[in-house]
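Beneath this line is the structure, given in structure tokens, with notes to follow.
The values are calculated or read from the model by the stated rules, or taken from the named source; none is laboratory data. The structure displayed is predicted, hence computed values, not measured ones. Positions of Cβ are backbone-derived with ideal geometry, glycine not excepted, and every protein chain shown enters the neighbour counts.
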Amino acid sequence: MLQLMVEADPNEGASDQAVVRIHRDVVPWRDRFVAYSVFVDAQQMATLANGDAIDFTVGAGEHDIWVAARGRRAVSDVVRFVARPGEIQRFFCKPNGPAFLAAYHLISRRPWIRLQRR
């Protein structure tokens, strides 16, 4: 599993920063070779491959996070969270269903990617 740190060390500037930790579950088929982009407040913060985990910092306050698969209209629902200084907000994402339902998700209104808090 790849562990990355984006932006500042979470211990630096902890007075007004929080850490977002997001993990992409390992899946054998659906989206196995597709990178997911992580967005916070409409700004791309990271890219996740199958099985990756990443930490990045955000300012204290209310934020919206979602995940999108590049080159598709495949996105997760938006999850709103409140980041408090020095806190770690944990999320995980994975495809929202098995590979044989991929065509159904393309034409339905169900999110392609499942994003949840841990």
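From 51, 61, grab the single residue that is in contact with a strand residue (DSSP E or B) (Cβ under 8 Å, 6 or more places away or on another chain), over 18 Å from residue 111 (Cβ atoms) and either without any contact (Cβ under 8 Å) to a residue 40 or more places away in the chain or charged (D, E, K, R) (or both).
Within the list 51, 61, the selection yields 61.
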Quick check, is residue 87 among the acidic types (Asp, Glu), over 28 Å from residue 108 (Cβ atoms) and either at pLDDT 85 or above or surrounded by 13 or more Cβ atoms within 10 Å (Cβ to Cβ) (or both)?
yes
Per-region count, region 10-55, residues among the charged types (D, E, K, R), modelled with pLDDT under 95 and over 19 Å from residue 77 (Cα atoms)
3
Scan region 90-118 for residues that are over 13 Å from the mean Cα position of the chain (by Cα) and either surrounded by fewer than 17 Cβ atoms within 10 Å (Cβ to Cβ) or β-branched (Val, Ile, Thr) (or both) and report the count.
13
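For region 12-33, state whether one or more residues are polar (S, T, N, Q), within 13 Å of the chain's Cα centre (by Cα) and surrounded by fewer than 16 Cβ atoms within 10 Å (Cβ to Cβ). So that I can check it myself, show each step before the final result.
Of all residues in region 12-33, those polar (S, T, N, Q) come to 15, 17.
Then keep just the ones that are within 13 Å of the chain's Cα centre (by Cα); that gives none.
No, the conditions are met nowhere in region 12-33.
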